[in-house]
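Worksheet: the structure to be examined is printed underneath.
Only the coordinates and a few stated rules stand behind these numbers; no lab work does. All values derive from a computational prediction rather than experimental measurement. All Cβ positions, even for glycine, are placed from backbone atoms using ideal geometry, and neighbour counts span all protein chains on display.
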Amino acid sequence: MPQTRFYVSGENSMNETPPTYERLRWPEAAGKTDSVRSDLGWWLPSIRHVPNQAIDLVRIAGAAYLADRLSARPGTFTRRLQLAVEVCDTTTWEAGAADQVAQLLLWLTGDAWEIELIQDPTAAPHDQPDESRDIAASVALLSGGLDSYLGALYLLGELNEAPVFIGHYDSATAVQRAQNTIRTWLKDSYETAPCYSQFAFSQVGDKKEASSRSRSLLFMAMGVAVASSRQAGTLYVPENGFISVNLPLHPNRGGALSTRSTHPETFYRVNSLLRNLGLEVTVTNPFANYTKGEEMRLIADRRPPAGWAETAGLTVSCSKLDGARIKGGDSTLNCGLCYACITRRAAFIAAGVEDSTVYLSDRLSGAAREELLQRRYSDRAAISYAVVRGIEEDSIDAGTWPPNADLDAITALVQRGLSELEKVDLT
């Protein structure tokens with residue numbers, strides 16, 4: 001199994017890079033070094049009042065995300081990734097938390113991870129004298145995708161106090177554009193504009209792995225840092241329950257080929273890790289029991305501000321965003337034919353809401369459209385197979401679930417999700 005090694009530190013660290021390791025230097029303040037671009041400085045100064053264990057969690061999750069993107073995946077799929085990360089306090093991680101992170105990354109990515117934590121030799125910058133801080137009841141992730149956008153609408157209507165929203169983007173122009181569109185619409189549509197902070201974080205240069213399965217841990221870690229800085233007890237991560245469960249639609253799409261970013265087991269493991277670290281934040285999914293169509297209908301029935309459906313059409317759900325590889329294509333458009341896009345299209349149909357999304361599959365014609373259809377053959381075939389055959393209950397029973405998971409309810413949820421997919425024309 002190929003092994004890749006990375007040493008991640010702040011840009012001012014004087015520690016030597018171990019032999020055979022690639023050094024990644026994280027900028028001290030918002031900006032970039034020759035290897036890392038980040039709006040989050042090494043000590044998270046832009047957030048302030050973040051406890052050390054939350055800073056370290058962001059560092060480790062960020063290091064894993066960088067390693068994930070900079071390590072080409074072999075034909076055997078599984079990689080062996082070794083990380084050495086400088087942290088504020090190594091003793092915090094001695095009670096098993098480092099092993100929990102490694103196991104969580106294995107669960108998310110399908111790769112074998114070894115994590116070594118090294119005491120940061122640098123000192124934290126002095127805080128500003130003013131120790132006052134903004135307090136919030138909750139924080140919510142707002143990625144620019146349809147689910148997180150619907151989650152924002154739900155939470156703004158459901159909670160007495162608006163959550164603090166945060167977004168992450170890398171070099172994907174479409175994601176940043178969608179976040180900016182949502183930000184503008186929220187500002188124009190609510191009397192008091194919700195707080196929405198967007199953070200860039202990525203490697204400098206081209207990535208070698210497209211899937212970035214570790215991104216969910218980085219995004220949650222960012223959310224935990226903001227929540228702990230605001231003394232918020234809840235971090236909301238909105239995602240429809242059907243995609244979260246994400247059982248393999250076909251026998252050849254098993255294991256890590258079905259992503260686990262918001263799987264119930266992922267939330268269970270993250271919350272166990274946070275408790276071990278002494279961070280009083282609970283991560284939860286408000287849409288865990290809903291299909292994508294059901295969550296959209298839930299929002300529509302609550303009559304959100306005018307223009308919400310049109311703004312929904314400007315969100316980004318596509319898991320590929322590779323349209324520029326096709327002649328006449330566009331990498332900023334939802335492709336319309338990947339699993340995520342088909343689930344999106346099904347949601348609008350099931351909810352009875354007009355879909356104003358501009359899909360690449362509707363823009364292309366002739367040979368270019370045939371090329372897109374071929375690129376998405378695996379997704380389309382797997383969905384067709386699952387719709388006809390259904391999901392065997394044995395595959396649900398054999399899965400990994402948190403304690404007290406209601407497998408009957410999960411089975412029913414999956415069947416409702418498949419019923420939505422059945423309404424989409426895959427040709």
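Data overview
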item: Debye log10 I(q)/I(0) at q = 0.18 Å⁻¹ for region 84-203, Cα point scatterers; result: -1.09
item: HN-Hα J in Hz across region 263-275 - Karplus 6.51, -1.76, 1.60, θ = phi - 60°, x for Gly and Pro; result: 4, x, 5, 4, 4, 4, 5, 4, 5, 5, 4, 4, 5
item: Integer Hz, Karplus 6.51/-1.76/1.60 couplings in order for region 87-104, x for Gly and Pro; result: 10, 5, 8, 5, 5, 4, 9, 7, 8, x, 5, 5, 5, 4, 5, 4, 5, 5
item: Rounded FRET efficiency, nearest 0.05, which uses the C-beta distance separating ALA367 from THR17 and R0 of 45 Å; result: 0.40
item: Placed amide H near THR282: partners under 5 Å, 5+ positions off or other chain; result: THR234, LEU235
item: Whole-Hz couplings from phi, Karplus 6.51/-1.76/1.60, listed for region 375-388; x for Gly and Pro; result: 4, 9, 4, 4, 5, 5, 5, 5, 5, 4, 4, 5, 5, 6
item: Residues THR90 and ASP206, FRET efficiency given R0 of 45 Å [Cβ-Cβ distance, rounded to 0.05]; result: 0.85
item: Under-5 Å amide H pairs with TYR169, H placed in peptide plane, nonlocal only; result: PHE199, ALA200, PHE201
item: All lysines inside 26 Å of LYS208 as judged from Cα atoms, apart from same-chain residues fewer than 8 positions distant; result: LYS32, LYS320, LYS327
item: Calculated over the chain: convex hull of Cα atoms, volume per residue (Å³); result: 145
item: Contact order normalised by residue count of the chain, Cα under 8 Å, 6+ apart, percent; result: 15
item: Residues whose placed amide H lies under 5 Å from that of VAL164, excluding near-sequence neighbours; result: SER138, VAL139, ALA140
item: Sorted largest first, extent of region 3-119 alpha carbons per principal axis (Å); result: 42, 34, 25
